[in-house]
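Asker: Just dropping this structure here.
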Amino acid sequence: MVVKSAAGRLRGSAVDGGAAFLGIPYAAPPFGANRLRPPAPVTPWAGIRDATRPGPEPPQVAPPAAAGPGGAASEDWADVNSAFAAVPKAAPSEDCLNLNLWTPDPAASGLPVMVWIQGGMFELSSTAAYDGSRFARDGVVCVVINWRPGAEGFLYLGDGTANLGLLDQVAALHWVQENIAAFGGDPGNVTVFGESAGAMSIGMLLAMPRAKGLFQRAILQSGAAHHVTPAGDALRISRHLAGKLGVPATREAIAGVGVQRLLSAQAELKNELLGDPDPERWGREVVASTMPWQPVVDGDILPDTPIKSIKAGAGQAVDVMVGTNTDDWRLWLVMSGALGGITDQILTGPVRSYGHQALAAYGLPAAAALSAYRTRYPGLSPGELLAAFQTDWWMRIPAIRLADAHVNPGSGTYMYEFAWESPGLGAVHALEIPFVFDTATTDAPLFGSLLGPEPPQELARTMHAAWVDFASTGDPGWPRYALPQRATMRFSTESRVVEDPRAWERDLWKGAR
């Protein structure tokens with residue numbers, strides 16, 4: 001099965017539901033003369049390029065070893081860590097700006113297109129865990145993209161170049177505009193969808209002048225348009241990285257450092273941030289997020305904090321669906337083993353008393369916030385209260401504020417909450433992904449056995465169909481989000497629409513960053 005793209009011919013393979021074309025380059029390898037530079041065009045090739053195997057992933061730092069108050073991950077949750085350690089990954093390589101594509105039929109025309117931007121704390125990026133064949137089965141051309149994470153994608157030196165990882169995503173969307181018709185897709189009906197850092201990336205794309213017109217719809221899963229790094233803090237982090245490398249804080253000097261040496265310095269920097277999260281050293285946003293390589297408000301690629309740009313009208317022509325998981329941030333406290341070791345003293349102490357877990361890092365008065373959450377959730381332990389608090393800061397409040405800011409008569413706004421609980425774990429971060437992709441089985445690449453012995457297939461069919469319907473028509477099947485009702489579809493074994501389900505959280509966080 002051969003398709004002609006703008007850069008050359010590609011041989012794909014037949015799969016259930018259609019055809020797959022894997023490892024397609026959408027930009028030149030971002031190394032050598034292209035390292036730490038905006039993505040460059042692909043060099044056309046002669047002959048037929050094999051597109052039957054996934055392409056390599058970007059070089060990246062492995063997640064730091066999780067450690068709770070006792071210094072080790074919880075043995076009770078070893079299966080959770082094991083499940084995530086088993087998530088498929090591709091071998092890293094310099095030729096990493098590639099994408100995978102599934103289509104119902106390359107000879108078709110006018111099919112809706114969905115472009116998946118995966119998460120990974122802006123430090124990880126791999127397409128290997130995502131199978132878009134069920135979208136192809138249901139009439140959608142599905143594209144999954146790699147992009148540069150970490151310092152390769154978000155080093156900021158105040159030199160006029162910034163947010164390369166976001167520019168990679170824009171380059172992939174330009175590839176879609178130029179090539180997707182050859183695979184049966186409609187370049188005028190493109191939906192970007194993503195989770196966590198992928199959803200936050202979409203919040204950035206909604207506000208980016210360079211992304212305007214490249215997509216018509218957007219789905220943001222557990223991520224919105226708030227979490228960015230101020231330019232001054234980003235510059236300080238990059239200078240600290242250069243110091244660890246022993247080179248001047250210039251793009252040329254850092255680009256001249258070997259890949260493994262840069263990754264080692266990144267890992268050292270991250271460990272220092274986790275071990276000594278001093279807001280005076282790193283900046284409050286970086287300490288609260290523990291993500292040193294977030295997108296940067298540089299004044300050009302991101303002219304302002306994205307939520308401010310959206311309030312001012314950016315992205316208003318795009319249909320938006322945004323949502324969160326009920327227990328989003330509980331996942332990380334479980335995986336780290338910290339859930340059972342959190343105390344009231346930690347929560348109300350200074351930020352440096354226990355990593356970044358102190359509530360003071362998140363912008364509300366710690367004692368008052370703890371009292372409010374304990375009154376609201378009287379049966380929760382301090383660790384569970386922290387999980388609820390972090391879920392609101394990270395995910396829920398940004399999602400509500402994005403939906404509120406986006407409501408306008410010219411496009412649709414929709415809100416959802418994923419509430420189905422994995423046995424013993426909860427409705428945690430990323431749990432919705434296998435349901436969205438309709439791969440919710442015990443051998444799924446994400447969560448797998450953690451979904452329980454009989455994952456609810458009706459929920460997977462319902463969610464997957466809603467995502468397909470939204471991409472196809474702009475309507476996922478429930479009422480639009482409007483003020484003051486704030487209609488929200490709550491997905492579970494019995495899914496239903498509820499109105500303004502998070503009014504208490506919204507009121508408590510009013511005025512807080």
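Asker: Calculate the spin-label point distance for GLU272 paired with ASN408, positioning each point 7 Å from the Cα along the beta-carbon direction, and give it in nanometres.
Answerer: Between ASN408 and GLU272, the label points sit 4.3 nm apart.
Asker: I would also like to ask the following. Taking the Cβ-Cβ separation of ASP186 and ALA14 as r and a Förster radius of 22 Å, what is the calculated FRET efficiency to the nearest 0.05?
Answerer: With a Förster radius of 22 Å, E is 0.45.
Asker: Applying 1/(1 + (r/R0)^6) with R0 = 51 Å to the Cβ-Cβ distance of ALA91 and TYR377, what FRET efficiency is obtained, to the nearest 0.05?
Answerer: 0.70
Asker: Starting from the Cα-Cα distance between GLU494 and GLN260, subtract it from 0.36 nm times their residue separation and give me the gain in nm to one decimal.
Answerer: Answer, rounded to one decimal: 79.4 nm.
Asker: Would you work out the relative contact order for region 2-508, in percent, from Cα pairs under 8 angstrom that are 6 or more residues apart?
Answerer: Taking the mean separation of contacting Cα pairs over the length of region 2-508, I get 14 percent.
Asker: What distance in nm lies between label points placed 7 Å from Cα along the C-beta direction at ALA40 and TRP504?
Answerer: For the pair ALA40/TRP504, the computed spacing is 5.7 nm.
Asker: Could you tell me the largest-minus-smallest coordinate of the C-alpha atoms of region 2-508 on each of the three principal axes, in descending order and whole angstroms?
Answerer: That gives 65, 57, 46 Å along the principal axes, largest extent first.
Asker: May I pose another question? Gain in length, ASP50 to LYS4, computed as 0.36 nm per residue apart minus the alpha-carbon separation, to one decimal in nm?
Answerer: Extra length from ASP50 to LYS4 when fully extended: 15.3 nm.
Asker: Between their Cα atoms, which of LYS212/LYS311; LYS311/LYS510; LYS270/LYS311; LYS212/LYS510; LYS270/LYS510 are more than 21 Å away from each other?
Answerer: Where the Cα-Cα span goes over 21 Å, the pairs concerned are LYS270/LYS311; LYS212/LYS510; LYS270/LYS510.
Asker: Sticking with the crude label model, points 7 Å out along Cα→Cβ, report the distance from ARG513 to ALA253 in nm, one decimal please.
Answerer: 2.9
Asker: What 222 nm value per residue comes from the helices of the chain, counting each DSSP H run with n ≥ 4 as -39,500 (n - 2.57) and dividing by all residues, nearest 500 deg cm²/dmol?
Answerer: -9000 deg cm²/dmol
Asker: Taking a ≥ b ≥ c as the square roots of the Cα gyration tensor eigenvalues, with a/c under 1.5 meaning rounded and otherwise prolate when a/b beats b/c, else oblate, which class fits region 374-513?
Answerer: oblate
Only the coordinates and a few stated rules stand behind these numbers; no lab work does. Here the structure is a predicted model, which means the values were calculated and not measured. Every residue, glycine as well, gets a Cβ built from its backbone with ideal geometry; the counts of neighbours run over all protein chains shown.
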